[in-house]
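Note sheet for the following structure.
The values are calculated or read from the model by the stated rules, or taken from the named source; none is laboratory data. None of these values were measured; they are calculated from a predicted model. Cβ coordinates were reconstructed from backbone atoms using ideal geometry, including for glycine residues, and neighbour counts include every protein chain displayed. Just the protein is used for accessible areas: all its heavy atoms, side chains included, with ligands, DNA and RNA removed. Shrake-Rupley method; radii C 1.70, N 1.55, O 1.52, S 1.80 Å.
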Amino acid sequence: MPESPAAPPLFKRLALIGIGLIGSSVARIAMERRHIAAEVVANARTQATLDRVLELGIADHVELDPAKAVAGADCVMLCAPVGAYAALAEAIAPHLAPGAIVTDVGSTKQSVIRDVGPLIPAGVHFVPAHPVAGTEYSGPDSGFTTLFQGRWCLLTPPPGTDPAAIEKISELWRRCGSMVESMEPAHHDRVLAIVSHLPHLLAFTICNTAEGLEDESRQEVLKFAASGFRDFTRIAASDPVMWRDIFLNNREALLEMLARFMEDAQAMARAVRWGDPSFIEDSIQRGRVIRRNLIEIKQA
Ligand code: NAP
């Protein structure tokens, strides 16, 4: 159930470690309604980002040193690329307040549990999470308060995690407008490999394929991009560091889904080569059903 408008803040002090698209969207929601945290502290890798955060007015304080950012925070949310998590966790671990909850928004979950879990001190809770919502934009200017509205947030708490800590992070995401579900981390990584990581890999690759064409054809690609290619270019505009880290940290599941995709693409190629219209039509038909189902469940 969504909370009443006057609900008291869930946390006293929320420290956002990384304040790009995801962190700044959480910050905007927390600052606007004050129902998530009484105080919001933002940390980033560069002072330029923190200066911009202050200009935008989307945090109460900024702090360049992650260790100082987490001091006194009862909720710490890692919102940096997943490849940076191990170093960040090492930097903040000795400074975490007893009873604090460490959570994250990373797009891969087994790697986060592997990299961050062992560094969490006794008496501090760890509730990994992944809001399945995003755009191709990054940085503190790109966030917005409705980003998580009606979208899923998947929690992958390790066995034995304090149920009260899980409930508080679930409530945080509900207050951001999300629907919350818990999942095994390995299952999460397989599901996300097909619904998000593989499509990004294909988009980056197809844009590279177009880029590799000889000059004249490349001009035509841009000129006539409306016919399908344009949709790939949107996700291919996503941040390279973030996606490099996702691919490397969900290696096995991504490679498995890619292998399956290549088999299916080979089958389609064979049908095209040998002129098998019913196979081609059938494959397209099955793809359309997925799209229709997505529209029906309002996730399109
Ligand atoms: P983003 O817009 O690129 O912002 C990243 C933030 O992390 C910046 O504030 C950056 O600081 C900071 N940072 C700290 N250490 C860093 C390092 N070593 N390398 C790069 N940046 C570092 O990223 P985002 O899109 O919000 O993504 C953040 C996390 O959310 C990622 O783990 C991603 O997997 C996950 N996620 C993303 C989406 C999406 O669609 N974008 C969706 C769901 C989950 P500076 O600005 O000072 O560099």
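Laid out as a table, the results:
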item: Residue pairs meeting the criteria (Cβ under 6 Å; at least 6 apart or on separate chains; first farther than 13 Å from Cys75 by Cα and hydrophobic (A, V, I, L, M, F, W, C), in region 10-27; second more than 8 Å from the ligand (Cβ to nearest atom) and in a helix (DSSP H, G or I)); result: Ile19/Val53
item: Subset tally (residues that are under 18 Å from Val41 (Cα atoms), within 10 Å of the ligand (Cβ to nearest atom) and open to solvent by 50 Å² or more (accessible area, probe 1.4 Å)) for region 107-145; result: 1
item: Of residues in region 286-300 being closer than 15 Å to Ala133 by Cα and surrounded by fewer than 10 Cβ atoms within 10 Å (Cβ to Cβ), the one nearest to the chain's Cα centre (by Cα); result: Ala300
item: Unique match (being out of contact with any strand residue (DSSP E or B) (no Cβ under 6 Å at 6 or more places or on another chain), aromatic (Phe, Trp, Tyr) and open to solvent by 80 Å² or more (accessible area, probe 1.4 Å)) among Phe204, Phe224; result: Phe224
item: Of all residues in region 238-285 being of a type in the set (Asp, Glu) and either under 21 Å from His187 (Cα atoms) or within 16 Å of the ligand (Cβ to nearest atom) (or both), the one that is most open to solvent (accessible area, probe 1.4 Å); result: Glu252
item: Scan of region 107-133 for residues that are among the hydroxyl-bearing types (Ser, Thr, Tyr) and outside any loop (DSSP other than H, G, I, E, B), ordered by number; result: Ser111
item: Near pairs, Cβ below 7 angstrom, 6+ apart or cross-chain, from region 82-103 (touching a residue at least 24 places away in the same chain (Cβ under 8 Å)) to any residue that is in a loop (DSSP other than H, G, I, E, B) and within 16 Å of the ligand (Cβ to nearest atom); result: Val82/Gly106; Val82/Ser107; Val82/Thr108; Tyr85/Gly106; Leu88/Ala80; Thr103/Pro128
